[in-house]
Structure formats: C-alpha cells, structure tokens
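A short worksheet on the structure shown next.
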Amino acid sequence: MEPTPSLKPAWQRPLYFALGCLCVAIGVVALVVPLIPGIVFLVLATACFSRSSPRMETWLTTHPRFGKLIRNWQTSGAVSRPVKWIVTFSMLASFSLIFLETASRPLQAVVAAGMIGVLIYVWRRPEPADVSA
C-alpha cells in the first residue's frame, strides 16, 4: 500500500511522529489490557505517521496482524464481524468488572451508556467485502 502524501512542514513532523509512537505504545498495551480499544490507537498512529513518516505508516498498514484491520478502516470505515464480537465481549467483561467492583450506580450508568453508544457505533459500521480480517 502506498503511503499517503500528506507530510506536514518539517517542524510539525517530530510532533506527529512522537504522537504516533505514543499511540502505537498504547495500542500494544491494549493487546494485554482488555479495557483499552487497541485498534483505535493503531489507526490514530497511522494517521500521525502519514503526516510524519511514510516508512512507519507503511509498516503499520502492512503489519501481518493489524494491517488489514487498519486498511479496512482507512478505505471504507469497515469493521469485520469477528472484530465486532471481540469488541462486544470485551466490553461485557469490562462492564462486569466495573459492576462488581464499583458500588456507585451513577458511575455504572455512565459507563454503561458510553459502552452502549460505542457498541451501537461499532455494529453500524459496514463489514469489509473480504471478511477474513
């Protein structure tokens, strides 16, 4: 995949590069911590790298594990059905922990409302034509 030609002025590139690296680090942590939506940070990292480092952007978009997910999102905003189910079950597990560990009903309601909003958004996204992602 060819990198996008949207490089920023030289003084902005280090800022975008640093932000991209931070997003990659958070995305990697999200592989272990189910409460953080990892792919969102990898998509953000790709956007930052498209403005600062075509080499890093290419590395992310061709990554064997995440490249296809990122490309699907970039081209059509698509999320595959397996990913939708993973998001759903991760949120259910996260909310279960919050429900069991937090006695505050208002906090539980706010978290539940936010999660429901995210789930509605995710499930309304189109699915890629090639569903092997």
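Just the accessible area per residue of the chain, please: how many Å² with a 1.4 Å probe? Walk me through the intermediate numbers first.
On the way: 8370 Å² over 133 residues.
Using a 1.4 Å probe on heavy atoms only, each residue of the chain averages 63 Å².
Return an integer: the convex hull volume of the alpha-carbon atoms of the stretch 64-133, in Å³ per residue.
Working: hull volume 5.7 nm³, N = 70.
Roughly 82 Å³ of hull volume per residue.
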Between the alpha-carbon centers of the stretch 25-95 and the stretch 96-128, tell me the distance in whole angstrom. 19
What FRET efficiency comes out for the pair Ala103/Leu22, r = Cβ-Cβ distance, R0 = 35 Å, nearest 0.05? 0.55
Rounded to the nearest 10 Å², the 1.4 Å probe accessible area of Val83 is 30
Starting at the first residue of the stretch 109-118, write each ³J(HN,Hα) from the Karplus equation 6.51 cos²θ - 1.76 cosθ + 1.60 with θ = phi - 60°, in whole Hz, x for Gly and Pro. 5, 5, 5, 4, 4, x, 5, 4, x, 5
I'd like the orientation of helix 67-76 relative to the chain: the angle between its Cα long axis and the longest Cα principal axis, in ° from 0 to 90, rounded to 10. 90
Amide H of Ala78 versus every other amide H placed in the peptide plane: which residues, excluding those fewer than 5 positions away on the same chain, fall under 5 Å? Trp73
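Working out 0.36 nm times the residue gap between Ile86 and Leu31, then minus their Cα-Cα distance, what length gain in nm do you get to one decimal? Could the numbers behind the result be given before it?
Numbers: separation 55, 0.36 × 55 = 19.80 nm, distance 1.21 nm.
Fully extending the segment from Ile86 to Leu31 adds 18.6 nm.
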Quick calc: nm separation of the 7 Å Cα→Cβ label points for Ala112 and Ser94 -> 1.7
Contact order relative to length for the chain, counting C-alpha pairs under 8 Å separated by 6 or more residues, stands in percent at 24
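Once you have the Kirkwood Rh of the chain from its Cα pairs, apply Stokes-Einstein at 4 °C and 1.567 mPa s and quote D in µm²/s.
Numbers: Rh = 16.1 Å.
Roughly 80 µm²/s, to the nearest whole number.
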Taking the 0 to 90 degree range and rounding to the nearest ten, how far is the long axis of helix 38-50 tilted relative to the main principal axis of the chain, both from C-alpha atoms? 20
Please report the carbon-and-sulfur percent of the accessible area for the chain; probe 1.4 Å, protein heavy atoms only, DNA, RNA and ligands left out. 71
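The values are calculated or read from the model by the stated rules, or taken from the named source; none is laboratory data. Every value quoted in this text rests on a predicted model; they were computed, and no experiment measured them. Here Cβ is always computed from backbone atoms with ideal geometry, including for glycine, and neighbour counts include all displayed protein chains. The accessibility values were calculated without ligands, DNA or RNA, using every heavy atom of the protein model including side chains. Shrake-Rupley method; radii C 1.70, N 1.55, O 1.52, S 1.80 Å.
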